[in-house]
Each structure stands twice: as C-alpha cells, then as structure tokens.
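Structure provided below as structure tokens; questions to follow.
What follows is calculated from the coordinates using simple rules that are stated; it is not laboratory data. As the structure is a computational prediction, the values presented were derived from the model and not from experiment. All Cβ positions, even for glycine, are placed from backbone atoms using ideal geometry, and neighbour counts span all protein chains on display.
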C-alpha cells in the first residue's frame, strides 16, 4: 500500500540538498557572468566555480546530515541524466572519432595504466588491494571504478575511503589546471578533448575541464571518457577473478558486465541525432538541459570533496597517485599521437 509513496518521500528527502546545489550553481553562474562583464572573459568557468564553492563549504563547514541525500542524488542521478542528454548534441564528426583503432588505443591505455598504477602502488609500499583500487580509479572513472572493483576483490572500508578521497580531491586541481594549460600550449579542441577524456578521473571532472574549451572539446572528451567507462566491466571482472576466488561473488561479477543506463542512452541519443530523428529545437533543448543538470552536479561534486581528508591519508598514497597520474598523462600523449 505504501510503495507509491516511496518515490514521493525520496523526492522530499532530496529537496534540501538539491536546493543547496542549485543555489551554488546559480552563484557560480553569476560569478562567471560577472567575469565576462568586468574582464571580457571567464578565467574560471561556472562549472569549475561551482566545484570550488562546494569544496570550500564541505572543507570549512559541517554539512548537515539531512542534506546528504539530495547532494548524492544531484551528484549521481542528475549527472547521469545530463550525460545521457549530452548524446543528442554529438556530431557525426565526433562519432567518427570512435573508430575501431581509437577504441583499441583507449582500451590499451586503460590496461597499461591499471597495470602500471598497481605496480607503482606496490613500489610505494601500499597493500595490494589498495594499490589496485587507486590504479582502477586513476585509469578508468574515479570513485565509480573504486566502488565497482572494491567488493569484487574484497577490499576493506579503509582502503576504499583512502582511494576515494584522493580521486575526489586531486581531480579538482586537474579541472582548474587543464584549461589554462590548453590555452598556453595552443592545442586544438580535438586534441584537448581526447587528453581530458583520457586523463581526468570522473565524468563530472571531465565535463568541468572540457566545457571551458568549447563544444567540440566537450563532445570528444565525453565520448573518450565513456569509452573508458565501458571498459570498467571487463576490468572489474578480471580484477575480481584475480584477487578474489570466492564463488559467492560470481553473481556480482556477472552483474558488472552490464553498461550503466546513462551510457546506453547517451549512444542511443547520439544515434538518433545521426539518423535525423531529432529536430533542431529538441537537440537544443536537450543540450541546454544537459548543461544545467551538469552545473548542479558540479556543485554536488564539490560538496562531496573534503580537502581535510588529505592530511590523514598518508604520503605513500599521495606519491603513488601523483606518479600514476604522470604515467597516465604520458600514455595519453602517445594515444593522441597515434589516434586517427
């Protein structure tokens, strides 16, 4: 009898956190508009500003528990929907970038980055499972990869928290540095988009780093990142078989083979546009909706990142993560040089 009320209750519970994320998004939009008005350009995009505001709040102030559900919903549910809608804005030229050779190069990068990341973690003296979690987080999709792989290899909560902390916090400087570096190096949007899609940890961080460089960079960065995410399933299954032989986990391993729903919708909308099934007004509306949802999700991302956790996580994890990032960046440059 009460099951129809559950979605309504969930929505009510989410409203306070969603309202906070929306307020941060509006402030960030106003700050970016002020930059345009006073200096003629936005040094920091609204998406980056939203992350920084959220992170400052989380680090400096206690966030009430009743906000957490809405923040989590904005950072996951709204973001996933925004990514799905982004598929409608994907041009045929960008889809052509996903040629078989390019997909193979991205797959090779992920495999090598996971292997090198694991070895680097062990060299720095980290436990095997923590090393693997950091390697998968760096190489595939940050927290989502860590959350997927952790139960399959039997990782403990402390290892998960340590790995998540660094992918959440260290990804933020990347978001700020990358657009500035692109402007200084004068790389073209396609090269920049590929580099962002290959190196930045999570999807929201990829979007925040790519959006300031324009639509073309955002599209190719998103496509590249989603190819990396599609590789999470086979990598997670392999890690599960290598690090945990418990038969009770076979169901979890099989479940990991199913791509996330938003990736399926992303490519479905991209195909619909390529086949002419979507009109220009619909494409425009979906693109604007995607941008708005993503901006709110950026605020949630910031509100989920407490910079104070870095103080208690240890220099070994920091060193292993930074070296792994450098290796991933080097491999990404090679992929860009070989990509068709």
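Would you mind calculating the gained length between residue 264 and residue 287 on full extension (0.36 nm times residue separation, minus the Cα-Cα distance), in nm to one decimal?
6.6 nm
Residue 59 to residue 31: FRET efficiency via 1/(1 + (r/R0)^6), r the Cβ-Cβ distance, R0 22 Å, to the nearest 0.05? Can you show the working numbers first?
Values: r = 19 Å, r/R0 = 0.84.
The calculated FRET efficiency here is 0.75.
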